[in-house]
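The block underneath contains the structure these notes are about, expressed in structure tokens.
The values are calculated or read from the model by the stated rules, or taken from the named source; none is laboratory data. What you are looking at is a predicted structure, and each value in this text was computed from that prediction instead of being measured. Here the Cβ is made from the backbone with ideal geometry for all residues, glycine too, and neighbour counts use every protein chain on show. Remember, those area values only see protein heavy atoms, side chains included, never the ligands or the DNA or RNA. Shrake-Rupley method; radii C 1.70, N 1.55, O 1.52, S 1.80 Å.
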Amino acid sequence: MGMELNTIFILMKFKRMKKGNDTLIALLILLMINGCNPVSKKVIMTVDGPIPATEMGKTLIHEHILVDFIGADSTGYHRWDKAEVVEIVSPYLSEIKPLGIKTLIECTPAYVGRDPLILKKLSEQTGMQLITNTGYYGAGNNRFIPNAFYEMSAQELSSLWIEEFENGIEESGVRPGFIKIAVDGNDILSPEHEKIITAAALAHQKTGLVIASHTGPEKPAFAQIKVLESMGIDPSAFIWVHAQGGTLQGNIEAARSGAWISLDNVNLQREAGTDYSVDWYTERILTLKEENLLDRVLISHDAGWYSPGQEKGGEFRGFTAIFTGLLPALEAAGFSKKELDQLLIINPREAFSLKSVVQIR
């Protein structure tokens with residue numbers, strides 16, 4: 001996998017260069033960065049291209065800029081005005097920059113409102129590093145999957161996602177930084193959802209992209225992990241999205257296997273003492289810390305978003321509740337700055353990094 005990634009990143013650089021001396025300069029740069037021996041370098045793929053993982057900074061790992069729930073058969077770029085979306089969303093990104101956030105991971109998949117050009121414009125306008133995805137969203141009884149999916153094998157499906165990583169999404173030039181899929185919360189994966197996780201696994205093997213799967217309950221989470229393990233993939237390649245929908249024991253078991261536990265709907269509107277309130281999240285994270293599993297925990301809001309078809313995109317929930325509610329609660333529970341940085345800096349960097357091994361003979 002390392003050498004495949006190395007080839008991809010070299011090609012990304014060469015596509016922007018002329019033949020001749022520029023090629024020689026590119027090789028010299030790579031040689032200076034990586035030395036003559038194989039060296040692992042962690043890379044994050046943003047909408048503006050790859051960056052060193054050390055530049056990722058504080059990160060919100062599960063948010064949305066735009067979501068269109070009309071269905072795969074009706075959605076498309078005709079459903080929204082890009083300029084209006086940028087105008088409405090920009091202030092919410094600017095609002096979190098003073099809080100130290102450098103990167104926001106946008107989790108809207110294809111056929112649910114993914115728009116890479118909007119993300120590029122927002123990144124340019126606000127300075128926020130944004131990351132988009134490849135993959136299909138099978139939850140909602142497959143309403144957000146295109147008809148062509150049903151005629152494709154898992155291998156053919158994975159080829160579409162690999163193509164987006166290698167050559168960019170459509171004509172945008174934007175490459176995905178992770179694989180976003182979704183399955184229903186049933187105890188057993190449907191044939192369609194087993195095909196989706198299998199395709200995601202195949203794409204991961206070729207690209208090194210982490211798989212973030214909208215899942216919820218633990219039985220489908222473990223079913224997906226089982227598929228990955230059967231293909232020789234470590235569970236650390238899997239983010240259990242909406243893991244707050246599973247039991248504490250399920251979270252612990254998955255984290256011990258190496259999977260990422262994404263607690264990602266922090267919302268101040270939840271009443272204290274109820275499920276998924278700030279104190280609920282605080283207790284869940286504290287218990288995972290006591291189990292020595294804080295290094296497998298991710299946190300976010302699952303907030304936003306511009307909704308096509310509603311006036312001015314409808315109601316938008318901002319990205320600040322973690323900073324005004326959860327972090328103060330964690331500090332009161334005894335969390336140190338180092339532990340909070342683990343949640344917002346180190347864990348996102350580890351989860352979303354690509355590892356490229358450069359070897360120049």
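Quick notes
- Among residues of the range 137-152 that are over 13 Å from F69 (Cβ atoms), those with a Cβ under 6 angstrom from a residue that is open to solvent by less than 30 Å² (accessible area, probe 1.4 Å) and aromatic (F, W, Y), sequence gap 6+ or separate chain, pair up as I145/Y136.
- Those helices (runs of 4 or more DSSP H) lying entirely in the range 258-361 with at least 3 residues closer than 20 Å to H62 by Cα and in contact (Cβ under 8 Å) with a residue 40 or more places away in the chain: 278-290, 347-352
- Looking at A329, A333, just one residue is among the hydrophobic types (A, V, I, L, M, F, W, C), surrounded by fewer than 17 Cβ atoms within 10 Å (Cβ to Cβ), in contact with an Asp or Glu (Cβ under 9 Å, 6 or more places away or on another chain) and closer than 21 Å to R270 by Cβ, and that residue is A333.
- Residue within the range 256-276 that is open to solvent by less than 50 Å² (accessible area, probe 1.4 Å), within 19 Å of Q342 (Cβ to Cβ), aliphatic (A, V, I, L, M) and out of contact with any strand residue (DSSP E or B) (no Cβ under 8 Å at 6 or more places or on another chain) present: no
- Residue in the range 281-295 that is open to solvent by less than 20 Å² (accessible area, probe 1.4 Å) and more than 18 Å from E253 (Cβ to Cβ) present: yes
- When Q310 is tested against (1) under 24 Å from H64 (Cβ atoms); (2) surrounded by 16 or more Cβ atoms within 10 Å (Cβ to Cβ), only condition (2) is not met.
- Strands (runs of 3 or more DSSP E) enclosed by the range 37-99 - at least 2 residues per element that are under 30 Å from G309 (Cα atoms) and either open to solvent by less than 10 Å² (accessible area, probe 1.4 Å) or polar (S, T, N, Q) (or both): 58-63
- The C-beta contact set for the range 65-83 (first residue at negative phi, second residue exposed (fewer than 14 other Cβ atoms within 10 Å of the Cβ) and of a type in the set (S, T, N, Q), distance under 9 angstrom, 6+ apart or interchain) comprises D68/S74; A72/N147; D73/N147.
- Which numbered condition S94 fails, given (1) free of Cβ contacts under 8 Å to residues at least 40 places away in the same chain; (2) touching a Lys or Arg at 6+ places or on another chain (Cβ under 9 Å); (3) of a type in the set (S, T, N, Q): (2)
- Flag for L122 being over 14 Å from the mean Cα position of the chain (by Cα), part of a helix (DSSP H, G or I), at pLDDT 95 or above and within 19 Å of E171 (Cβ to Cβ): yes
- Residue among F323, F319 that alone is aromatic (F, W, Y), under 30 Å from L119 (Cβ atoms) and open to solvent by less than 20 Å² (accessible area, probe 1.4 Å): F319
- Pair list, Cβ under 8 Å, 6 or more apart: the range 179-191 residue more than 17 Å from S153 (Cα to Cα), other residue buried (at least 21 other Cβ atoms within 10 Å of the Cβ) and among the charged types (D, E, K, R): none
- Hey, L286 closer than 18 Å to I345 by Cβ and of a type outside the set (D, E, K, R) or not: no
- Test set (1) at pLDDT below 55; (2) touching a Ser or Thr at 6+ places or on another chain (Cβ under 6 Å); (3) open to solvent by 60 Å² or more (accessible area, probe 1.4 Å) - N21 fails condition number: (2)
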